[in-house]
Amino acid sequence: MKTLTIEASKYTPEIEMNAENNILSIKGKSYPENTFDFYAPVMAWLQEYFAQEDLPKVTLNMDIIYFNSSSSKLFFDLFDLLEEAHEKGKEICINWYYDDENESAEEAGEDFKEDFEGMDFNIIKK
Amino acid sequence: MSLSQNTLIEELQNFMDNDMERFQSLGKKIIKDFKRQQRIMEQSDRRQRQEYDQLQEKLLEVEALNHEIEETQKEVVFTMGAIGESRSKETGNHVKRVAGYSKILALAYGMGEAEAEMLKQASPMHDIGKVAIPDAVLNKPGKLNEAEYIIMEQHAQLGYEMLKHSKRPLLLAASTVAYEHHEKYDGTGYPRGIKGENIHIYGRITAIADVFDALGSDRVYKKAWGDERIFDLLRAESGKHFDPELVDLFFDNAEEIISVREAYRDIFE
């Protein structure tokens, strides 16, 4: 599968869905004008990716310094997708990074973690 | 609406023709989604409040800093003006009065409040070039000879040179004032001998403000003139030394101008 790369913009994060090293990362700010359109290729990529058999361990690194409410909703959907794959036996690790001074990023991470108890979900201070 | 909500609705419609088991799992999903929406809302409310608080705080800081900058600028500019005046044994009140008259004339001329205020702040620097004039010339009792007069006149050019490199509108205004406040409307002034509207309005205003105040004050070489004598001179010099429009505006606003003079009267022991 081809790696998906999206460059960061003023309102959107830098995204790399790397099919070779199986590290997925979303890094930066996320408040696009139309969040669901923006992330549509990412969600489509993930669906195709997790449809593969015999995937090794997958790591998702999220380092989001600022995001809007619809991004928050989108992240729930994204974690749902991962959870589904996890339930089908895929090994998945989620790392949620936050800056020490960014209280709301930490709180949001805790919020997500709470909703996905069965997953390997780590909140990591940078 | 989000992708997952669309899917939910689609599945819900499908379910209507189908079985109970799917209804239950869908129901669970929907409940989960509602709860999430609630949490997203709470999360975002919390963040909004934080952000707004921070914004307010920063705004107050910026306002305080702005105020500080403006006050500092005023003080520096005023002090520079006072330095220029102190070297020539003028009083600090002279620059305050000239500043006051300049603003009154600027407003009467039709200048906006912000620009008139800027001219008020810039005009005290009209003689800043005097800091570079030797004491022997600057404070010579009695009349200057021709050579000394030429040196003395350099203060306009010198003041301009000191300030012209600034990028600040206030200091640039001050450079214009310093440069042109000894120009005369009929072109017989210095340093360039420019005439009429070619003299910047800042220069024309400061010229009349400065002369009016100087004539009404005691100086090393003369006693203060009485008001009628000053007024006669302003009328006589209308269109010669001074812009005739400004002379008219001076008399239209004489009362206010004199009240500024009273407010900043020099007190001698």
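Since every read-out is calculated from the coordinates, none of them should be taken as a lab result. Computed from a predicted structure; not experimentally measured. Cβ placement follows ideal geometry from the backbone for every residue including glycine, while neighbour counts extend to all protein chains displayed.
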| field | Rounded, prolate or oblate (a/c below 1.5 giving rounded, otherwise prolate when a/b exceeds b/c) for chain A by Cα gyration tensor | value | oblate
| request: Filter the trypsin sites (Lys or Arg not before Pro) in segment A:1-38 down to the DSSP loop ones having no more than 14 other Cβ atoms within 10 Å, then list what survives. | output: A:2, A:10
| field | Per-residue Cβ neighbour rank within 10 angstrom, fewest leading, B:248, B:213 | value | B:248, B:213
| query | Against the longest alpha carbon principal axis of chain B, how many degrees, from 0 to 90 and to the nearest 10, is the axis of helix B:113-122 turned? | reply | 50 degrees
| Over what distance in Å are the Cα centres of segment B:119-163 and segment A:31-61 separated? | 75 Å
| request: Positive end of the charge dipole of chain B (Lys, Arg +1 and Asp, Glu -1 on Cβ, about the Cα centre): tell me which of B:162, B:233, B:31 has its Cα farthest that way. | output: B:31
| remark: Cross-link reach from residue A:27 to lysines, straight Cα distance under 19 Å and at least 8 residues apart if same chain, gives A:10, A:73, A:113, A:125, A:126
| field | Reduced Cα scattering model of the protein assembly as shown, Debye log10 I(q)/I(0), q = 0.08, 0.09, 0.12, 0.14 Å⁻¹ | value | -0.62, -0.65, -0.88, -1.13
| remark: Amide H contacts under 5 Å for residue A:95, restricted to residues at least 5 apart in sequence or on another chain and with H modeled in the peptide plane, are A:60, A:61, A:62, A:122
| Residue with peak Gaussian network fluctuation, chain A [Cα springs, cutoff 10 Å], from A:71, A:104, A:25 | A:104
| Taking θ as phi - 60°, what are the ³J(HN,Hα) couplings along segment B:126-134 by the Karplus curve (6.51, -1.76, 1.60), each to the nearest whole Hz, with x for Gly and Pro? | 4, 9, 4, x, 5, 4, 9, 9, x
| request: Per DSSP H run of at least 4 residues, take -39500 (n - 2.57); add these up for chain A, divide by its residues and hand me the 222 nm value, nearest 500 deg cm²/dmol. | output: -12500 deg cm²/dmol
| Given +1 on the Cβ of Lys and Arg, -1 on the Cβ of Asp and Glu, and no further charges, what dipole in debye does segment B:136-176 carry about its Cα centre, rounded to the nearest 20? | 260 debye
| note | Long-range alpha-carbon pairs in chain B, meaning those over 24 Å apart, account in percent for 60 percent
| query | Cα centroid distance between segment B:168-210 and segment B:5-24, in Å? | reply | 84 Å
| query | Efficiency by 1/(1 + (r/R0)^6): what FRET value for residue B:252 and residue B:218, r their Cβ-Cβ distance, R0 = 30 Å, to the nearest 0.05? | reply | 0.60
| task | Kindly write out, for segment B:159-174 in residue order, the coupling ³J(HN,Hα) from the Karplus curve 6.51 cos²θ - 1.76 cosθ + 1.60 (θ = phi - 60°), rounded to whole Hz, with x marking Gly and Pro. | result | x, 4, 4, 5, 9, 5, 7, 5, 9, 7, x, 5, 6, 5, 4, 4
| query | What Kirkwood hydrodynamic radius, in Å, does segment B:43-197 give when the mean of 1/r is taken over all pairs of distinct Cα atoms and then inverted? | reply | 17.7 Å
| said: Which one, B:13, B:48, B:56, has the greatest fluctuation when you compute a Gaussian network model over chain B with C-alpha springs under 10 angstrom? | reply: B:13
| remark: Filtering trypsin sites (Lys or Arg not before Pro) in segment B:1-102 by DSSP loop and by at most 13 other Cβ atoms within 10 Å leaves B:89
| field | Around residue A:99: net Lys/Arg minus Asp/Glu count, Cβ-Cβ under 10 Å | value | -3
| note | For chain B, longest principal axis from Cα atoms; helix B:201-215 axis from its Cα atoms; angle between them, nearest 10 degrees, is 50 degrees
| said: Quick check on the exposure proxy: order B:208, A:23 from fewest to most C-beta atoms within 10 angstrom. | reply: A:23, B:208
| remark: Checked segment A:64-112 with the C-alpha gyration tensor, a ≥ b ≥ c its square-rooted eigenvalues, rounded below a/c of 1.5, otherwise prolate if a/b is larger than b/c and oblate if not; verdict oblate
| request: Give a residue-ordered list of calculated ³J(HN,Hα) values for segment B:226-235 (Karplus: 6.51 cos²θ - 1.76 cosθ + 1.60, θ = phi - 60°; whole Hz; x for Gly, Pro). | output: x, 4, 4, 5, 5, 4, 4, 5, 4, 5
| If each residue's Cβ is checked for other Cβ atoms within 10 Å, how do B:77, B:98, B:131 rank with the fewest at the top? | B:131, B:77, B:98
| request: Starting from the Cα gyration tensor of segment B:208-269, take the square roots of the eigenvalues, sort them a ≥ b ≥ c, and report rounded, prolate or oblate (rounded when a/c is under 1.5, otherwise prolate if a/b is larger than b/c, else oblate). | output: oblate
| note | Across B:117, B:71, B:183, the residue with the highest GNM fluctuation in chain B (Cα network, 10 Å cutoff) is B:71
| task | Select from segment A:1-78 those GluC sites (Glu not before Pro) which occupy a DSSP coil region and have at most 16 other Cβ atoms within 10 Å, ordered by residue number. | result | A:7, A:20, A:33, A:53
